[in-house]
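The values are calculated or read from the model by the stated rules, or taken from the named source; none is laboratory data. From a predicted model like this one, the values you see are computed outputs, not experimental measurements. Cβ placement follows ideal geometry from the backbone for every residue including glycine, while neighbour counts extend to all protein chains displayed.
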2 protein chains.
Amino acid sequence: MPSATEQKIIDVAVRLFASQGYDATSVQEIVKAAEVTKGALYHYFRSKDDLLFEIYRLLITAQSADMDRIIGLGLSAAETVREILASLVISTAERVDETAVFVRELHRLGEDRMTDFRAERRRYHETFLAVVEKGQADGEFSSVVPADTVVRIALGVVNQLPMWFRPDGQKTPAQLAGEIADFVLAGLR
Amino acid sequence: MPSATEQKIIDVAVRLFASQGYDATSVQEIVKAAEVTKGALYHYFRSKDDLLFEIYRLLITAQSADMDRIIGLGLSAAETVREILASLVISTAERVDETAVFVRELHRLGEDRMTDFRAERRRYHETFLAVVEKGQADGEFSSVVPADTVVRIALGVVNQLPMWFRPDGQKTPAQLAGEIADFVLAGLR
DNA sequence: GCCACCCTACCGACCGGTCGGTATGCCCAC
DNA sequence: GTGGGCATACCGACCGGTCGGTAGGGTGGC
């Protein structure tokens, strides 16, 4: 349970990192915008990198939990794919800044954290892959395009979302989620 | 026609920017790795930003030329989409570093250059969009998913390519290009 | 009831080091 | 001899991080 000060620092950091990039944002800038002092920031975070990692952690945790929940529903392959994609698109659209930072600054993770991250992403990827492969094996999906390429395409789209999705645009996240899921499922028939 | 020194600086900069990020790469590092001096770098480039922008310019110019060439062939909508995607995937796979830098550091462009860039990307986007819309109007493609979403998905996949494509992986760029084009076209039927 | 003690939360001046960029001049091809 | 193509020495700004200190609330001994 983060304190109000800690939460404020994270919120401001996400916004600044998203709009200017991690390196281009100084710690001074963050504390000024968050109306706290450097002492406060370094009281809660061991380093600037730690702050960045905390942003990642919150995002990854939420996404993994979401996927596990959907898998647990025991739906058909098509319904599972639709649910996973839709929920991923919606949660990403609601957190464009976090996702933008995440995608852009991923390479900054240190050795250890990168290893942890890869393991978690691999798990995520393979869970999704298994759903698609099962759908293909059962004849519910076409096998023309290999399952791994399909998964790469589907997840890639979501990562690119921050590049063009605008919260004040014409389409709601839910609409968009429907369209993207429709398209991917159409490609699987 | 760039001199050998200039080309060397660009090549090295692309490699370093791709692996460490723009801000995390110092000018010192670039000149050392390129075996030139700071004087040489600042002789050819007005600033570090200029160097980055030159990388963008080379990439965008090549992509736009490619698309114009394909449009000029006068193929059917499906064939045009296939050609555009395939050639984009292949050229991106051959230039993963440039693309990685491009996608990751886009936000660093200054006001003016950002405006220019948006205009060029818009042109690119709309050219592709027009092909899809024509295909839908002619009944060659399904209209279930709006054309703009399809274009966003297709181009998004390409931008994400550097995240997972490995030149030494199992699939050749041409194979991958085929699979991606297949999938997008399947989604359009 | 109160005081000594401590602990968490926070402050902000300051530090060593690095950064992008510049000023100046050599040198060789033409 | 002169100008393009560099080399070298150097600058001031700014960066992430530190550190001695403080404010204020809880708490146990008496």
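Numerical summary
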{"quantity": "Qualifying residue in segment A:66-88 (condition: within 15 Å of DNA strand C (Cβ to nearest atom), within 14 Å of another protein chain (Cβ to nearest Cβ) and either of a type in the set (Lys, Arg) or surrounded by fewer than 18 Cβ atoms within 10 Å (Cβ to Cβ) (or both))", "calculated": "no"}
{"quantity": "Looking only at segment A:33-52, and only at residues there that are crowded, with 17+ Cβ neighbours inside 10 Å and not in a helix (DSSP H, G or I), the one that is farthest from DNA strand C (Cβ to nearest atom)", "calculated": "A:45"}
{"quantity": "Conditions (1) under 30 Å from residue B:152 (Cα atoms); (2) touching a Lys or Arg at 6+ places or on another chain (Cβ under 6 Å): number failed by residue B:34", "calculated": "(1)"}
{"quantity": "Residue identified as within 17 Å of the chain's Cα centre (by Cα) and crowded, with 18+ Cβ neighbours inside 10 Å among B:55, B:30, B:9", "calculated": "B:55"}
{"quantity": "Scope segment A:177-189; condition touching a residue at least 60 places away in the same chain (Cβ under 8 Å) and either at the interface with chain B (Cβ under 7 Å from one of its Cβ atoms) or more than 12 Å from residue A:90 (Cα to Cα) (or both); matching residues", "calculated": "A:180, A:184, A:185, A:188"}
{"quantity": "Filtered residues of segment A:106-159 (kept if touching a residue at least 24 places away in the same chain (Cβ under 8 Å), over 20 Å from the mean Cα position of the chain (by Cα) and facing chain B (nearest Cβ under 10 Å))", "calculated": "A:142, A:145"}
{"quantity": "Matching entry among A:63, A:28, A:20 (being touching a helix residue (DSSP H, G or I) at 6+ places or on another chain (Cβ under 8 Å), more than 14 Å from every other protein chain (Cβ to nearest Cβ), polar (S, T, N, Q) and within 11 Å of DNA strand D (Cβ to nearest atom))", "calculated": "A:28"}
{"quantity": "Residue B:170, sole failed condition from (1) modelled with pLDDT of 95 or more; (2) not in a helix (DSSP H, G or I)", "calculated": "(1)"}
{"quantity": "Complete set of residues in segment A:167-176 that are at the interface with chain B (Cβ under 10 Å from one of its Cβ atoms) and either surrounded by 19 or more Cβ atoms within 10 Å (Cβ to Cβ) or in contact with a strand residue (DSSP E or B) (Cβ under 7 Å, 6 or more places away or on another chain) (or both)", "calculated": "A:176"}
{"quantity": "Condition met for residue A:68 (of a type outside the set (A, V, I, L, M, F, W, C), within 30 Å of residue A:182 (Cβ to Cβ) and either within 16 Å of DNA strand D (Cβ to nearest atom) or part of a helix (DSSP H, G or I) (or both))", "calculated": "yes"}
{"quantity": "Members of segment A:141-154 found to be closer than 16 Å to residue B:157 by Cβ and surrounded by fewer than 22 Cβ atoms within 10 Å (Cβ to Cβ), listed by number", "calculated": "A:146, A:147, A:148, A:149"}
{"quantity": "Hits in segment B:12-27 (condition: within 21 Å of residue B:59 (Cβ to Cβ) and either surrounded by fewer than 19 Cβ atoms within 10 Å (Cβ to Cβ) or of a type in the set (Asp, Glu) (or both))", "calculated": "B:15, B:19, B:20, B:23, B:24"}
{"quantity": "Of the criteria (1) in a helix (DSSP H, G or I); (2) over 29 Å from residue A:166 (Cβ atoms), which one residue A:75 fails", "calculated": "(1)"}
{"quantity": "Residue list for segment B:13-32, filter: within 14 Å of DNA strand C (Cβ to nearest atom) and closer than 19 Å to residue B:92 by Cα", "calculated": "B:13, B:16, B:17, B:21"}
{"quantity": "Residue in segment B:117-140 that is part of a loop (DSSP other than H, G, I, E, B), at pLDDT 95 or above, under 23 Å from residue A:158 (Cα atoms) and β-branched (Val, Ile, Thr) present", "calculated": "no"}
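Yes or no, residue by residue, for (1) among the aliphatic types (A, V, I, L, M); (2) in the same structural domain as residue A:116 (by TED's automatic domain parsing):
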{"position": "A:35", "(1), (2)": "no, no"}
{"position": "A:54", "(1), (2)": "no, yes"}
{"position": "A:62", "(1), (2)": "yes, yes"}
{"position": "A:68", "(1), (2)": "no, yes"}
{"position": "A:71", "(1), (2)": "yes, yes"}
{"position": "A:84", "(1), (2)": "yes, yes"}
{"position": "A:87", "(1), (2)": "no, yes"}
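Every residue, every condition in (1) out of contact with any Lys or Arg (no Cβ under 7 Å at 6 or more places or on another chain); (2) within 16 Å of DNA strand D (Cβ to nearest atom); (3) under 19 Å from residue A:167 (Cβ atoms), yes or no:
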{"site": "A:2", "(1), (2), (3)": "yes, no, no"}
{"site": "A:41", "(1), (2), (3)": "yes, yes, no"}
{"site": "A:44", "(1), (2), (3)": "yes, yes, no"}
{"site": "A:86", "(1), (2), (3)": "yes, no, yes"}
{"site": "A:94", "(1), (2), (3)": "yes, no, yes"}
{"site": "A:104", "(1), (2), (3)": "no, yes, yes"}
